[in-house]
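The values are calculated or read from the model by the stated rules, or taken from the named source; none is laboratory data. Every value quoted in this text rests on a predicted model; they were computed, and no experiment measured them. Here the Cβ positions follow ideal geometry from the backbone for every residue, glycine too, while neighbour counts run over all protein chains shown.
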Amino acid sequence: MTALAEECQLKEAMNHYFGGSMINATEGRAVLHTALRAPRNQDIRVDDENIIPGVHAVIDQIKSFSQGVIDGSISSSNGQAFTDVVNIGIGGSDLGPAMISEALAYYKTHLNLHFMSNVDGDHVSEVLQNLNPETTLFVVVSKSFTTQETLSNATTAKHWLVDSCGEKAVANHFVAVSTNLQMINDFGIDPNNVFPMNDWVGGRFSLWSAVGLSIALGVGPDHFEKMLQGAHAMDMHFANTHLHENIPVVLALTTLWYNNFYGAESEAIIPYTQYLHRLPAYLQQGIMESNGKSVDREGNTVDYQTGNLIWGEPGTNSQHAFFQLIHQGTKLIPAHFIGFKNPLHGKQDHHDKLMANFFAQTEALMKGKSEEVVRREGVEESLVPFKVFAGNKPTTTILIDKLTPLSLGKLVAMYEQKIFVEGVLWNIYSYDQWGVELGKELASTILKEIVNKKKSAHDSSTSSLLRVYNR
Ligand code: F6P
């Protein structure tokens, strides 16, 4: 199958990607999240300027700020140590930090992390109501700093803080991560509290950038750095390994195989650790926002399938929920099983049970159970068809030594590179996301109508729904 990758000139595409070419052509940008985890001595150029010194200046800024908050030398407006950190952001400005901080909860600092993403006021209230404004730090994360949800939530949080601690507290309690320095200034965040981002980092690939500030606060700067090292190790594997032994390449080709030749519409992600319970949601954005495209790089509508649906839940919970359909349903669902040889808390008896299920499921999906075997077990004839398992269901097993910042960095980067390869194979642009714009535009028009109690032309369904809402 690597012949297809060669035919699609994957190696040349990889050189453009790692080398900083404008491969995000519809937005006129390079795609260089790989540079965010490159070592200090590397030289990667955008507009003929080496970006690595700037990358490491931000890493140093993250390290010293997070260390200061953790050890209390950076404190609240009344000199108290911070106890809680609220990450305000959505999409890539939320899912990466949220997923990683859950995944590395074992390595957690004393700071309690909270995530405020949805513009839903109930979600905002639920987060704020249990916090003490005097010891809460807000990290406002938005690459564009124009995202409605993030600006609304940050404004509400700011009022909540000012009501208790006064206007002056904002300087100590708010930091921001963005490319848009002007908007941060307009919002009233101290320029000294700004962590910059670059436009050559896409939101869904940004957890390695200053977007990872909450991660560094939540698990400590050393663990954050280890995660970067893990991702870099995977980048090196991807860049330097023959296609047929290259993990992201083989994974992408396998996805293409089932997606395009077997009609599989989705791919399930089943981590056998509760720590990775947010990984499927994180990968939903990474994969579906990247490769959910129906126009190829020449602007033609494609006549083949592209990005698949991503979904999943940790095992063993998922076994008791949707595995019935994977085993005996009519849909073909390739599944990734992600497991670890060693538990973190040392409860080996639990871990053996967990992993016995992990191996049993992939064996069951592969081998199934024939009519003959079912009959041999003495099952009553009328029940035989219900107890047969067709088998031959595809799974990919990813077995890792231990869940550490290093191995997690490798795992996440592996999926990032898989996304890249798929985009090359499908000849689509993976790094734009125009498909999210229309809904945003319509929402802002409708919001004006709701607030100003003004009617305007919509289709009949939307008009009647708005009538009911405004009643
Ligand atoms: O709506 C899609 C999107 O642009 C994502 O790609 C991005 O991760 C998210 O919104 C948040 O964007 P920002 O970081 O600019 O607030």
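Once the range 157-200 is narrowed to residues that are among the β-branched types (V, I, T) and over 21 Å from F82 (Cα atoms), the residue that is nearest to the chain's Cα centre (by Cα) is T179. Every condition in (1) closer than 28 Å to S75 by Cβ; (2) among the small types (G, A, S); (3) within 16 Å of the ligand (Cβ to nearest atom) holds for G203 except the one numbered (1).
Taking the range 293-306 as the range and being part of a loop (DSSP other than H, G, I, E, B) and either charged (D, E, K, R) or touching a strand residue (DSSP E or B) at 6+ places or on another chain (Cβ under 9 Å) (or both) as the test, the residues that pass are K293, S294, D296, R297, E298, V302, D303. Screening S93, S66, S75, S125 for residues that are away from the ligand (no atom under 16 Å from the Cβ) and buried (at least 23 other Cβ atoms within 10 Å of the Cβ) leaves exactly one candidate, S66. Every condition in (1) assigned to a helix (DSSP H, G or I); (2) away from the ligand (no atom under 16 Å from the Cβ); (3) under 30 Å from L207 (Cβ atoms); (4) among the β-branched types (V, I, T) holds for V436 except the one numbered (2). None of K158, K168, K143 is of a type in the set (D, E, K, R) and either outside the structural domain of G212 (by TED's automatic domain parsing) or closer than 15 Å to P191 by Cα (or both) except K168.
Anything in the range 146-156 that is within 15 Å of the ligand (Cβ to nearest atom) and either crowded, with 17+ Cβ neighbours inside 10 Å or part of a helix (DSSP H, G or I) (or both)? List them, or say none. Selection gives T147, Q148, E149, T150, L151, S152, N153, A154, T155. For A98, the conditions (1) in a helix (DSSP H, G or I); (2) within 19 Å of the chain's Cα centre (by Cα); (3) hydrophobic (A, V, I, L, M, F, W, C); (4) away from the ligand (no atom under 16 Å from the Cβ) all hold with the exception of (4). From the residues in the range 101-114 that are closer than 16 Å to F82 by Cβ and under 19 Å from the mean Cα position of the chain (by Cα), which one is surrounded by the fewest Cβ atoms within 10 Å (Cβ to Cβ)? Checking each candidate, the answer is H114.
Of all residues in the range 62-90, those satisfying the criterion of being farther than 23 Å from W160 by Cβ and either within 23 Å of the chain's Cα centre (by Cα) or among the aliphatic types (A, V, I, L, M) (or both) are I62, K63, S66, I70. Pairing residues of the range 252-278 that are over 16 Å from G307 (Cβ atoms) with residues that are among the acidic types (D, E), at Cβ distances under 9 Å and at least 6 apart in sequence or on separate chains, gives I270/E313; P271/E313; Q274/E102; Y275/E102; L276/E102; H277/E102; H277/E313; R278/E102. Here L399 meets each of (1) surrounded by fewer than 16 Cβ atoms within 10 Å (Cβ to Cβ); (2) more than 32 Å from the chain's Cα centre (by Cα); (3) at pLDDT 95 or above with one exception, condition (2).
Out of the residues in the range 128-145 that are more than 12 Å from the ligand (Cβ to nearest atom) and in a loop (DSSP other than H, G, I, E, B), state the one that is surrounded by the most Cβ atoms within 10 Å (Cβ to Cβ). Walk me through it before giving the result.
Residues of the range 128-145 that are more than 12 Å from the ligand (Cβ to nearest atom), as a first pass: 128-139.
From what's left, in a loop (DSSP other than H, G, I, E, B): 129-132.
Values: Q129: 8, N130: 9, L131: 19, N132: 12.
Among them, the one singled out is L131.
The residues listed here are S66, S77; of these, the one that is in contact with a His (Cβ under 7 Å, 6 or more places away or on another chain) and in contact (Cβ under 8 Å) with a residue 60 or more places away in the chain is S77. Could you please let me know if E381 is of a type in the set (D, E, K, R) and within 33 Å of the chain's Cα centre (by Cα)? When the stated conditions are applied, E381 does not pass them. I'd like to know if the range 171-190 contains one or more residues that are of a type in the set (S, T, Y), surrounded by 14 or more Cβ atoms within 10 Å (Cβ to Cβ), out of contact with any helix residue (DSSP H, G or I) (no Cβ under 7 Å at 6 or more places or on another chain) and farther than 28 Å from A35 by Cα. Scanning the range 171-190, I find no residue that is of a type in the set (S, T, Y), surrounded by 14 or more Cβ atoms within 10 Å (Cβ to Cβ), out of contact with any helix residue (DSSP H, G or I) (no Cβ under 7 Å at 6 or more places or on another chain) and farther than 28 Å from A35 by Cα, so the answer is no.
Of all residues in the range 79-90 being of a type outside the set (A, V, I, L, M, F, W, C) and farther than 22 Å from P280 by Cα, which is surrounded by the fewest Cβ atoms within 10 Å (Cβ to Cβ)? I'd like the intermediate steps shown before the answer.
Here is the first cut: in the range 79-90, the residues of a type outside the set (A, V, I, L, M, F, W, C) are 79-80, 83-84, 87, 89.
Those still in the list that are farther than 22 Å from P280 by Cα too: 79-80, 83-84.
Details: G79: 9, Q80: 12, T83: 15, D84: 17.
My answer is G79.
Contact annotation: residue pairs with Cβ atoms under 6 Å, 6 or more positions apart or on different chains, pairing a residue in the range 238-250 that is part of a helix (DSSP H, G or I) with a partner that is hydroxyl-bearing (S, T, Y), are L243/T2; H244/T2.
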